[in-house]
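The values are calculated or read from the model by the stated rules, or taken from the named source; none is laboratory data. Keep in mind it's a predicted model, so treat the numbers as computed, not measured. Note that each Cβ is placed from the backbone with ideal geometry, even for glycine, and that neighbours are counted across all protein chains shown. Side chains included, ligands, DNA and RNA excluded: accessible areas come from the protein's heavy atoms. Shrake-Rupley method; radii C 1.70, N 1.55, O 1.52, S 1.80 Å.
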Amino acid sequence: MQVTQRFAQMLTKNVGTVIVGKQDAVELMMIAILCRGHVLIEDVPGVGKTTLASALARSLDCSFKRIQFTPDITPSDITGFSIVNFKTGELEYRQGLVMSQIVLADEINRTSPKTQSSLLEVMEEGQVTVDGTTYQTPKPFIVLATQNPVDFVGTYPLPEAQLDRFFMRVSIGYPTPEEECDILERYTGSARPMQELSPICTSNDILLLQQQVETVYTSKEVRAYISGIAAASRKNGALQLGVSTRAAISLLKAAQARALLDGRDFVAPEDVQRMAEPVLAHRLVLSAEARMRNMTAQKVLQNVMGTVQVPVKVK
């Protein structure tokens with residue numbers, strides 16, 4: 001546990017040299033990495049979505065590729081393709097951009113649904129299938145995707161199946177006036193904070209930390225609590241689509257990582273409550289009536305959780 005906490009402090013400090021005042025967002029992304037999950041960073045343009053993802057990638061000594069999603073990018077650009085070797089007459093696989101340990105999918109909702117769907121297999125199973133042959137991605141494998149809100153011009157909303165494969169969604173928000181002054185000071189003159197970042201851990205370190213998360217104890221009562229939240233969401237009239245089983249598993253793992261970062265070897269109900277919104281809210285689909293009443297997924301999720309009894313015994 002002490003190793004995980006030290007890793008968290010080092011990562012937050014390293015990313016903090018570039019991103020000012022967003023410790024909560026950095027911590028959430030770190031939890032996703034510990035849980036082998038993918039992160040969707042959603043916010044308005046210019047608040048540092050790509051900078052945050054890039055800073056996190058630079059802090060980890062892993063292979064890294066950035067995909068700038070545009071309407072003309074094709075699925076084969078993502079997954080790779082086969083080409084004939086005229087010397088041997090055999091098909092050879094040419095790797096796509098997704099064949100990396102950390103993949104930055106920049107502005108993922110600016111590409112077509114067909115290209116978006118090319119990420120479904122690799123995000124779920126860590127592999128791509130091209131011409132009937134399956135190729136494994138390197139480990140660890142993490143997709144950090146950024147997107148603008150869906151009401152911006154030139155965007156294609158991500159389908160529910162795609163959203164459900166993102167472990168969590170993180171929003172950054174505008175900085176405070178004090179934080180913005182700090183940012184302006186850091187970028188005065190020829191300063192380039194991003195270029196000064198150095199890795200703080202290796203890929204093997206990350207794999208070991210991921211194994212630590214799995215050792216955190218989860219009681220039967222806490223598992224029943226998570227199951228109750230999922231079941232209540234499926235019965236809520238404000239939701240057209242509730243929490244999936246994949247989402248419930250993600251919430252369980254996020255609570256384990258949250259407990260580990262807090263120095264505990266068991267999950268408490270508070271861990272589940274703290275992780276519920278970033279892990280579940282983006283997966284919920286509001287009913288037509290709820291949208292007409294200007295309700296939000298976050299508000300509905302709060303109402304759902306208010307109907308589920310919180311366990312007292314957790315060990």
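Brief remarks follow.
- Any hit, the stretch 240-247, residues being open to solvent by less than 40 Å² (accessible area, probe 1.4 Å), over 30 Å from Gln2 (Cα atoms), β-branched (Val, Ile, Thr) and part of a loop (DSSP other than H, G, I, E, B): yes
- Where a residue in the stretch 172-184 is β-branched (Val, Ile, Thr) and its partner, wherever it lies, is in a helix (DSSP H, G or I), with Cβ under 7 Å and at least six apart: Ile172/Ala25; Ile172/Lys49; Ile172/Leu52
- Test: residue in the stretch 220-230 that is under 18 Å from Val39 (Cβ atoms) and open to solvent by 40 Å² or more (accessible area, probe 1.4 Å): no
- The stretch 72-115, subset at pLDDT 85 or above and among the basic types (Lys, Arg), residue farthest from the chain's Cα centre (by Cα): Arg94
- All conditions but one from (1) open to solvent by less than 60 Å² (accessible area, probe 1.4 Å); (2) at pLDDT 90 or above; (3) out of contact with any helix residue (DSSP H, G or I) (no Cβ under 7 Å at 6 or more places or on another chain) apply to Glu179; the one that does not is (2).
- Identity of the residue in the stretch 123-132, of a type outside the set (D, E, K, R) and open to solvent by 60 Å² or more (accessible area, probe 1.4 Å), that ends up nearest to Pro75 (Cα to Cα): Thr129
- Within the stretch 47-79, being among the polar types (S, T, N, Q) and open to solvent by 10 Å² or more (accessible area, probe 1.4 Å) holds for Thr50, Thr51, Ser54, Ser63, Gln68, Thr70, Thr74, Ser76, Thr79.
- Restricting the stretch 23-46 to residues that are open to solvent by 20 Å² or more (accessible area, probe 1.4 Å) and among the hydrophobic types (A, V, I, L, M, F, W, C), the residue that is nearest to Arg246 (Cα to Cα) is Leu28.
- Identity of the residue in the stretch 80-122, charged (D, E, K, R), over 11 Å from Leu158 (Cα atoms) and not in a loop (DSSP other than H, G, I, E, B), that ends up least open to solvent (accessible area, probe 1.4 Å): Asp106
- Residue list for the stretch 186-211, filter: open to solvent by 50 Å² or more (accessible area, probe 1.4 Å) and either of a type in the set (Val, Ile, Thr) or touching a His at 6+ places or on another chain (Cβ under 9 Å) (or both): Thr188, Thr202
- Selection over the stretch 9-21 of residues that are out of contact with any Pro (no Cβ under 8 Å at 6 or more places or on another chain) and either of a type outside the set (Gly, Ala, Ser) or crowded, with 20+ Cβ neighbours inside 10 Å (or both) gives a count of 8.
- Extreme residue, most open to solvent (accessible area, probe 1.4 Å), among residues of the stretch 250-308 that are under 18 Å from the mean Cα position of the chain (by Cα) and of a type in the set (Lys, Arg): Arg274
- Per the conditions (1) touching a residue at least 60 places away in the same chain (Cβ under 8 Å); (2) on the phi > 0 side of the Ramachandran plot, the sole criterion not satisfied by Gly126 is (1).
- Only one entry of Leu60, Leu34, Leu91 meets the criterion of being aliphatic (A, V, I, L, M), touching a strand residue (DSSP E or B) at 6+ places or on another chain (Cβ under 7 Å) and within 30 Å of Val216 (Cβ to Cβ), and that entry is Leu60.
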